[in-house]
Each structure stands twice: as structure tokens, then as C-alpha cells.
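Read-outs throughout are calculated quantities, based only on the coordinates presented, and are distinct from any laboratory measurement. Given the structure is predicted, the values throughout are model-derived calculations rather than measurements. Backbone-built Cβ (ideal geometry, glycine too); neighbour counts: all protein chains shown.
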Amino acid sequence: MSTPRTVLVTGGNRGIGFAIAEEFVAQGHRVAVTARSGNGPEGTLTVKADVTDAASVDAAFAEVEAALGPVEVVVANAGITRDTLMMRMSEDDFTSVIDTNLTGAFRVVKRASKGMLKARFGRIVLISSVVGLYGSAGQVNYSASKSGLVGLARSVTRELGARGITANVVAPGFIETDMTAELPEAQQAEYKKNIPAGRFASPAEVAKAVAWLSGDDAGYISGAVIPVDGGLGMGH
Ligand code: NDP
């Protein structure tokens, strides 16, 4: 078993973030989640935070630090989509997705790095997507935000790698959550045809990879992009 850590997962009230928080609890860690609404799984501390607001992120960290100690593992999971073809995409559709998915991760990672530098230990995991490297028609905003996370993790690795801090990206494929439930049936069937595994994944399958990257055994893995996509993005 890995050393018990203080973990913060953004967007831990549902979907993939909820499953990640559950997995960390099951592995014996001290776990906090951020939520705008609702709560994290049993055994977690829920704090309010909107990742588009640096002051809100700062306050959430302060609350977690006071209750559970310095954050040693951070998972930037909060994300949104605003899909439409580029010709129809407004500038607000683009910037709001970047603001939540990419700048939101920056705000969270920057705040987390303070304590990690002091501790000379940290695990940063950014939840990207297969479409970050694969591309996706109708998701110019989302795909750009998700590939941006790769540059973020790799630059953080170069800046903080010598201080015991790792920064990695997990790139899920098609995971059964509210986000994907919104996609039309026909589009879901089309995706499934292209997935070598021939199925979608559960949020728990993403959570296992995130927990492993955050554990004692993954200290020499940094700047990596770990796909959890049933082979959908191979070669990218
Ligand atoms: P959901 O739509 O089910 O959940 C999104 C989570 O993000 C919610 O907890 C939501 O909080 C939170 N969130 C959104 N905006 C903000 C914000 N401004 N501040 C704080 N929290 C916010 O998504 P999934 O669980 O499906 O996705 C989680 C992550 O995984 C996302 O980054 C997504 O892009 C990525 N991903 C998902 C895939 C999938 O197939 N589902 C595939 C690849 C990547 P609230 O409930 O308050 O809105």
C-alpha cells in the first residue's frame, strides 16, 4: 500500500471525479473534493470551489489544509464541454471551455505547488481526454483545452521535477458519465465502432490509473500521457 496522503480532487461530486475520490478513500488516503453543488463520496471532505475563480480555489485549498493538512496529491478533473462546429462556435464557447478546463487546471496546480514545494513532494494528475491529441470535429474548444494540459504537465515537470513533484496527464476515452450521456445515440454507436476494446469504460477504470500515478510506485513517471481509452487514441 502507498503512504497515506492528503488528496484534493476537483469536480468530485459526480462522474469521473467522484470515482477518483472513492478510489483514494478505498486506498486509505485523506480525501477532499471540490464541488459547486452536491457532495463527494462517503469519507471525503467536500469544499466549495469554482475553478474559474482563483480566489475560490485558494479558499478551498485553505479549508482542506486546515482540516486535513497540506495537499500532497492534486487531481485537476473539473471540466466542461460546449460542443459545436467551429463555424458556429462563438468566442465565448471557446474561451469559457479554455477558462474551466485549462486555466482552471493552471489555477489549481499553481496553488497546489506552494505546499508541494515546501514538502518536496507532490503528485499532480491532470484529466485530459483522448481528443486532446486525436482531435474531434465539433470540439475545437474542448480539444484545444485538453491538449493544453499536456504542455502544462510537461512544463511543470521541467520546473518542479527536481523537488520530488511529478505531473502527469490521464487521457480517458469514452467514459460513461453525465458528460457522455448527452451525446446522441448514433454518435455513441459510431464511437464504439472505433474503439478496439469494443466498449465504453466505467469511471472506476480511470480512477485506478489516477491512483496508481499518485502512489509511491510512480515516483519516476512524470510528464507522461497515460491513455485509458480502450485503444481509441493509439499512435497519438
Ligand atoms: P461530468 O460532466 O460528469 O462532471 C464534471 C465535473 O466538473 C462536475 O463535478 C462539475 O461540477 C465540475 N465542474 C465543471 N465546471 C466547473 C467549475 N467551473 N468549477 C468547479 N467544478 C466544475 O464530467 P465527467 O466526469 O465525464 O468528466 C470529468 C473530467 O474528465 C472532465 O475534465 C472531462 O473533460 C474529462 N473526460 C471525460 C470523458 C468522458 O467520456 N466522460 C472522456 C475524457 C475526458 P458541477 O457538478 O458543480 O457542475
Check A78: other-chain or 5+ apart residues with amide H under 5 Å from its amide H, H built from backbone geometry? T10, G11
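In whole percent, what relative contact order does the chain give with Cα contacts below 8 Å and a gap of six or more residues?
20
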Env charge @ A137, Cβ radius under 13 Å, K,R +1 / D,E -1, value -1
Filter the DSSP H helices in the chain by two things, a Kyte-Doolittle mean of at least -1.0 and an axial alpha-carbon span of 18 angstrom or more, and list the hits by number. 54-68, 104-119, 140-160
Name the shape class, rounded, prolate or oblate, that the alpha-carbon gyration tensor gives for the range 8-55, where a ≥ b ≥ c are the square roots of its eigenvalues, rounded holds for a/c under 1.5, and otherwise prolate holds if a/b is larger than b/c and oblate otherwise. prolate
In a Gaussian network model of the chain with springs linking alpha carbons closer than 10 Å, the residue among R14, R123, R88 that fluctuates most is R88
Find the Rg to Rh ratio for the range 106-236, where Rh is the Kirkwood radius over alpha-carbon pairs and Rg uses the same atoms. 1.01
Helix-only CD estimate at 222 nm, as mean residue ellipticity for the chain, using -39500 (n - 2.57) per DSSP H run (n ≥ 4): -13000 deg cm²/dmol
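How would you rank 126-138, 43-55, 182-194, highest first, on the average number of other Cβ atoms within 10 Å across their residues? Walk me through the numbers on the way to the answer.
Values: 126-138: 21.8, 43-55: 17.9, 182-194: 11.0.
Highest-to-lowest ranking by the protection proxy: 126-138, 43-55, 182-194.
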For T166, residues with placed amide H under 5 Å, excluding near neighbours: G122, R123, I124
For the range 53-171, whose charge dipole is built from +1 on Lys and Arg Cβ atoms and -1 on Asp and Glu Cβ atoms, the candidate among Q139, F106, G69 with its Cα farthest towards the positive end is G69
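For a distance above 29 Å, tell me the whole-number percent of Cα pairs in the range 6-228 that qualify.
In whole percent, the long-distance tail amounts to 21.
Tally Lys and Arg at +1 and Asp and Glu at -1 over the other residues with C-beta under 12 Å from the C-beta of T44: what net charge comes out?
Net of charged neighbours comes to -2.
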For the chain, build the charge dipole from Cβ charges (+1 Lys, Arg; -1 Asp, Glu) around the Cα centre, then report which of V31, A181, A153 sits farthest towards its positive end. A153
Could you give the dipole magnitude of the chain about its Cα centre, charging the beta-carbon of Lys and Arg +1 and that of Asp and Glu -1, in debye to the nearest 20? 700
Debye, to nearest 20: dipole size of the range 1-115, +1 on Lys, Arg Cβ, -1 on Asp, Glu Cβ: 180
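Quick one: if the Förster radius is 25 Å, what FRET efficiency do S96 and A67 give, using the C-beta to C-beta distance and rounding to 0.05?
Working from the Cβ atoms, E equals 0.20.
Can you give the FRET efficiency to the nearest 0.05 for L117 and H236, using r as the Cβ-Cβ distance and R₀ = 41 Å?
Using R0 = 41 Å, I get an efficiency of 0.80.
Assign unit charges at the C-beta atoms only (+1 for Lys and Arg, -1 for Asp and Glu), then state the dipole size of the range 126-236 relative to its Cα centre in Debye, rounded to the nearest 20.
340
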Using modelled amide H (1.01 Å from N, peptide plane; none on Pro or chain starts), what sits under 5 Å from the amide H of A201, excluding residues fewer than 5 places away? F174, I175, E176
For L183 and A26, FRET efficiency with R0 = 35 Å and r from the beta-carbon atoms, rounded to 0.05? 0.75
